[in-house]
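J.: Would you mind keeping the following structure in view while I ask a few things?
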Amino acid sequence: MNLKNEKLRRLFEKDKANLQKSERSKRGRRSFLQKASLGGLSLAALPGLDTRDQISHLTQNVNRSSQPSELKITDMRIAEIGGDVVFRTPIVRIYTNQGIIGHGDVRDGAAKEYALFLKSRLLGENPCNVERLFKIISQFGHHGRQGGGVSGVEMALWDLAGKAYGVPVYQMLGGKYRDKVRVYCDTTVSRDPHEYANRMQKRIDQGYTALKMDIGLRLLTDVPGAIINGPNSKFSPYKNEYRNYRNTQHPFTRVQITQKGIEKLMEYLHIMREKIGYEIPMGTDHWGHFGVNEAIKIVQAAEPYNLAYVEDIIPWHFTDQWREITEASTTPTQTGEDIFKLEGGFEELITQRAVDIVHPDPNTAGGILETKRIGDYASKHGIGFMHHHAAGPVSFLGCVHSAAATENFMWLEHHAVDKKDWENLVTGFDGPIVKDGYVTVPNKPGIGVELNEEVVEKYLVKGEKMFAPTPEWNEIRANDRLWS
């Protein structure tokens, strides 16, 4: 009897061990499939093979435990999108020897070549060395859209590093100060101030808690006696010059705004505040091209309406003039979306206390880490810190990581509120990206989303292909050294 019981016990233990082994195998397959999805591996790309064969094929050159120290960049390609979903934006994809891919956006309206030029400097490098690679490629960035290539690549490197280590980007920046990031949004322009105010109210009804309105000379072009030397005047000098008004820097247009023009602009602010009240912070942008004297008129006239800021009322690099405007009024001043790197212009604006708020666009400023550096430096000097953004959801969420990891961050711009398919460009985000005026900081590895390739392909710029090979950018054809 005892022998029989012992035999039964052994059979039971054997069956139990086999069952546990089977469960571990299932969990391992599930875990790998999840990691494959996060890392950019696509089982759907291998039709006709069963799951075991697909996994075997995909992992033949992949270290399943992920060894970041052995990760190497093998390729970089571009998919350029535009149209009704986003301002024209080249999406960067960087490939590695372990099958992990990373994504970033070149800034809206920038050339894809700004990023492709960098490919030859990155091949064979470990993407986890983000700061070292940034120092190699940053010499090829510059202000405005020319910073878009370096910045987009930097974001893609952070996306790769996070996936390799299995942590969200903010964690590699030192952790986060907040679980949700507050956004502000633009409002479409109307020449009817009451309709404009209604549109502002609609944004509040959508859940937004911070707003911005475009206001300025464009609303005065049909008002007689509002502008002197205006771009649409029959006396305008731009009809006979090689530069048009749009490409003439503010101090050189000699445009002036009359008292009648100032009163008309303030009418928009008055009706707006009458509609939405004073609890909602509201900033302004796109005032027009005119010099420091007209800017001072505006910021002083706007004081009763308690604007959150007046943005880019003159070009960012006229530091002394910015300080003059800032000191002339209690209306907060803000600039910075076109500045590349902390030392490229932010440092002087901040140390000179020329503005109240700095406003980098991570897609121009140098990417995620450089933007955090700018915020930390502003914090040290008691200056406010916001994010400009007008590209796709990949870099938008890259901005969210930078914002989450920087103590003095205020608000992130959301420029695609009315773009129906904008959020559908990516997958992997739980629920809507923007909800009630906030973005929940992603906790998935890397930036936290992958591309929805079906939707991306739908919005490819005419003549562009989906991540087509770019072998012509593989070889370095110059000596990059800046010294002898």
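Laboratory data are not the source of any read-out in this text; all were calculated from the coordinates shown. Just so we're clear, the structure is a prediction, and the values are computed from it rather than from any experiment. Methodologically, a virtual Cβ is constructed for each residue, glycine included, from the backbone with ideal geometry; neighbour enumeration extends over all protein chains shown.
J.: To the nearest 20 debye, what is the magnitude of the charge dipole of the chain about its Cα centre, counting +1 on the Cβ of each Lys and Arg and -1 on the Cβ of each Asp and Glu?
T.: That gives the chain a dipole magnitude of about 2020 debye.
J.: May I pose another question? Please report the spacing between the Cα centers of region 289-355 and region 431-464 in Å, no decimals.
T.: So the separation of the two Cα centres works out to 33 Å.
J.: Based on C-alpha coordinates, I'd like the Rg and Dmax of region 180-447, in Å.
T.: Values for region 180-447 (Cα only, Rg and Dmax): 18.8, 59 Å.
J.: Return the Rg/Rh value of region 326-484, two decimal places, where both radii are evaluated on C-alpha atoms and Rh is the Kirkwood radius.
T.: Rg divided by Rh gives 1.04.
J.: With N denoting the number of residues in the chain, provide Rg(C-alpha) divided by 2.2 N^0.38 Å, to two decimal places.
T.: With N residues counted in the chain, Rg over 2.2 N^0.38 Å equals 1.15.
J.: To continue, here is another question. Given region 406-449, report the % of alpha carbon pairs whose separation exceeds 15 Å.
T.: Summing the P(r) of region 406-449 above 15 Å gives 51 percent of all pairs.
J.: Using a basic spin-label model with each label point 7 Å from the Cα along Cα→Cβ, how many nm lie between Ile476 and Asp205?
T.: Here the modelled spin labels are 5.8 nm apart.
J.: Please identify every one of the chymotrypsin sites (Phe, Trp or Tyr not before Pro) in region 268-297 that sits in a loop by DSSP and has no more than 10 other beta carbons within 10 Å of its own beta carbon.
T.: Of the chymotrypsin sites (Phe, Trp or Tyr not before Pro), the ones in loops of region 268-297 whose Cβ has at most 10 other Cβ atoms within 10 Å are Tyr278.
J.: Let me ask something additional. Can you tally the net charge around Arg273? Count Lys and Arg as +1, Asp and Glu as -1, for every other residue whose Cβ sits under 13 Å from the Cβ of Arg273.
T.: -3
J.: Using a 10 Å cut-off on Cβ atoms, rank the peptides 337-346, 408-417, 221-230, 252-261 from the highest mean neighbour count down.
T.: 337-346, 408-417, 252-261, 221-230
J.: Can you tell me the FRET efficiency between Asn293 and Glu125 if r is taken as the Cβ-Cβ distance and R0 is 45 Å, rounded to the nearest 0.05?
T.: E(calc), rounded to 0.05, equals 0.35.
J.: Per the Kirkwood treatment, what hydrodynamic radius in Å, one decimal, follows for region 179-265 from the mean inverse distance over all distinct Cα pairs?
T.: After inverting the mean inverse Cα-Cα distance, the result is 15.3 Å.
J.: With only alpha-carbon atoms in the gyration tensor, what are the semi-axes of the equivalent ellipsoid for region 368-427, in Å, largest first?
T.: 25, 11, 7
J.: Right, another one. Hey, what do the phi angles of region 460-472 turn into as Karplus ³J(HN,Hα) couplings, whole Hz, using 6.51/-1.76/1.60 and θ = phi - 60°, x for Gly and Pro?
T.: 4, 4, 3, x, 8, 10, 7, 6, 5, x, 10, x, 5
J.: Report, to one decimal in Å, the Kirkwood hydrodynamic radius for region 217-334 based on all distinct Cα pairs.
T.: 14.9
J.: Okay, next question. Beyond 23 Å between alpha-carbons counts as too far, so tell me which of Lys176/Lys444; Lys112/Lys212; Lys202/Lys435; Lys212/Lys297; Lys419/Lys458; Lys72/Lys176 fall in that bin.
T.: Over 23 Å Cα-Cα: Lys112/Lys212; Lys72/Lys176.
J.: So, in Å, what gap is there between the alpha-carbon centers of region 117-175 and region 387-405?
T.: Cα centres, region 117-175 to region 387-405: 15 Å.
J.: Okay, moving on. Stretched out fully, how many nm does the piece from Lys72 to Asp192 gain, at 0.36 nm a residue minus the Cα gap?
T.: Additional length available on full extension: 37.6 nm.
J.: Apply the Karplus curve 6.51 cos²θ - 1.76 cosθ + 1.60, θ = phi - 60°, to the phi angles in region 296-307 and return the couplings in whole Hz, x for Gly and Pro.
T.: 5, 3, 5, 5, 6, 5, 7, 3, x, 9, 6, 5
J.: Let me ask something else. Work out how much length Ser236 to Met266 would gain on full extension: take 0.36 nm times their residue separation and subtract the Cα-Cα distance, in nm to one decimal.
T.: 8.3 nm
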